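Below: one structure, written as structure tokens.
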Amino acid sequence: RVGRDDNFFELGGHSLLAMRLISQVRLHLGVELDLADLFAHPQLTALAQVVAKAGRSSLPPIVPVSREESLPLSFAQQRLWFLAQMENAGAAYNMPVGLGLRGALDILALERALARIVSRHEVLRSVFVMDNDEPQLRITPVEGSFVLEQDDLRGQADAAQRLQVLTEYEASTPFDLVNGPLLRARLVRMG
């Protein structure tokens with residue numbers, strides 16, 4: 001149960017839900033609510049008073065666009081594209097993560113789960129193409145957009161060294177923005 005005297009954050013609200021609330025207020029009430037207003041007035045009664053005084057939204061509605069055509073790059077994507085054009089800067093945005101797993105692993109289930117993430121998030125299937133001398137974004141089809149690379153180092157005397165080489169390679173290799181994918185995963189079996 002939610003009452004007018006309840007606090008948004010005490011009810012489990014957090015920054016992502018706050019952004020969602022602001023979006024819903026804009027969509028359904030047509031007013032612009034600042035994130036700072038929500039943090040300053042987390043009690044629902046106080047927030048309702050802020051919404052009542054808020055100005056009409058001047059932002060155009062967000063509408064879906066065709067995925068069949070090239071799309072303009074966002075500012076962050078432009079920055080990524082620019083850095084990729086510079087020598088030795090292509091891995092600047094790499095975010096390597098290594099996880100150690102113990103016990104039985106269903107490799108096919110792991111690959112399917114990662115492929116599902118890629119299929120659900122267009123940004124992970126996006127590539128950068130030149131269109132009229134301007135970099136543009138093109139979203140690739142879901143089919144074949146993800147492959148789990150696998151290495152089996154079990155029983156090899158130099159397994160630790162080879163793991164280190166693979167780790168450094170993955171962390172320092174730039175992503176191919178033209179051909180994709182923009183997510184890589186490698187399963188290395190040790191032991």
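The values are calculated or read from the model by the stated rules, or taken from the named source; none is laboratory data. Remember, it's a predicted structure, so these values are computed and weren't measured experimentally. Reconstructed Cβ throughout: ideal geometry from the backbone, glycine too, with neighbour counts over all protein chains shown. Remember, those area values only see protein heavy atoms, side chains included, never the ligands or the DNA or RNA. Shrake-Rupley method; radii C 1.70, N 1.55, O 1.52, S 1.80 Å.
A single entry from 188, 129 fulfils the requirement of being modelled with pLDDT under 95 and closer than 27 Å to residue 117 by Cβ: 129. Taking each residue of region 61-88 that is part of a loop (DSSP other than H, G, I, E, B) and looking for partners that are open to solvent by 50 Å² or more (accessible area, probe 1.4 Å) with beta-carbon atoms closer than 8 Å, six or more apart or interchain, yields 61/27; 67/122; 70/131; 70/138. The numbered conditions (1) more than 30 Å from residue 176 (Cα to Cα); (2) modelled with pLDDT of 85 or more; (3) open to solvent by 50 Å² or more (accessible area, probe 1.4 Å) are all true for residue 30 except (3).
I want to confirm something. Restricting to region 137-171 and keeping residues that are in a loop (DSSP other than H, G, I, E, B), of a type in the set (A, V, I, L, M, F, W, C) and within 26 Å of the chain's Cα centre (by Cα), which single residue is surrounded by the most Cβ atoms within 10 Å (Cβ to Cβ)? If we take residues in region 137-171 being in a loop (DSSP other than H, G, I, E, B), of a type in the set (A, V, I, L, M, F, W, C) and within 26 Å of the chain's Cα centre (by Cα), then 146 is surrounded by the most Cβ atoms within 10 Å (Cβ to Cβ). Within region 172-191, the set of residues being of a type outside the set (Gly, Ala, Ser), in a loop (DSSP other than H, G, I, E, B) and open to solvent by less than 60 Å² (accessible area, probe 1.4 Å) comprises 173, 175, 177, 181, 182, 183. Checked against (1) loosely packed, with under 15 Cβ neighbours inside 10 Å; (2) touching a residue at least 40 places away in the same chain (Cβ under 8 Å), residue 109 passes all but a single condition, namely (2).
Based on what the data block shows, is residue 178 out of contact with any Leu (no Cβ under 8 Å at 6 or more places or on another chain), among the β-branched types (Val, Ile, Thr) and free of Cβ contacts under 8 Å to residues at least 60 places away in the same chain? Considered against the rule, which asks whether it is out of contact with any Leu (no Cβ under 8 Å at 6 or more places or on another chain), among the β-branched types (Val, Ile, Thr) and free of Cβ contacts under 8 Å to residues at least 60 places away in the same chain, residue 178 comes out as yes. Residue pairs whose Cβ atoms lie under 7 Å apart, separated by 6 or more positions or on different chains, with the first residue in region 147-166 and more than 26 Å from residue 113 (Cβ to Cβ) and the second basic (Lys, Arg) and assigned to a helix (DSSP H, G or I), are 156/162.
If you take the residues in region 113-136 that are closer than 19 Å to residue 181 by Cα and more than 18 Å from the chain's Cα centre (by Cα), which one is surrounded by the fewest Cβ atoms within 10 Å (Cβ to Cβ)? By that ranking, first place goes to 130.
Inside region 1-56, residues that are free of Cβ contacts under 8 Å to residues at least 24 places away in the same chain, assigned to a helix (DSSP H, G or I) and over 28 Å from the mean Cα position of the chain (by Cα) make up a count of 7.
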